[in-house]
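Some notes on the structure that comes next.
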């Protein structure tokens, strides 16, 4: 099966690995793999209760995707249109005066603020600040609270 120089390297690697046996209580040991409970084939995703840090993580990804896919192009096209002429600026200002446009703008403001606050949280987690269970839950509550509070302040100023 293994012959030549490759076979010698294989035998050397196998003898080296034999010096470090896997402990019997290791979940990756071959003897315990068969006794591990099988995972379900079908996951009922709506019934899975995600913890708050998981919800903040998903909202961070969704807000980032929303800002990248829709926010940046709309912002750039709005700036380009407003700089084209004074009439185009007046048209854009009139369009943003509509309540539906204000609501959409408020959604983008929330996406930006949530993404910003959650990004700071993840930077702190990368620095190993607040990685234990209770501080992680507290920081996710702070992220949601601060992003909603700042969005409400922006909404009051917008209307």
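Taking the fewest neighbouring Cβ atoms within 10 Å as the starting point, the ordered list for 159, 110 is 159, 110. Neighbour counts of C-beta atoms inside 10 Å place 128, 115 in the sequence 128, 115, starting with the fewest. The ranking of 45, 158 from fewest to most other beta carbons within 10 Å of each one's beta carbon is 45, 158. Taking all Cα pairs closer than 8 Å and separated by 6 or more residues, the relative contact order of segment 45-158 comes to 35 percent.
Readers should treat all values here as calculations from the given coordinates under stated rules, not as data from a laboratory. All of these numbers come straight from a predicted model, not from anything done at the bench. With ideal geometry, Cβ positions are generated from the backbone for all residues, glycine too; neighbour counts draw on all protein chains shown.
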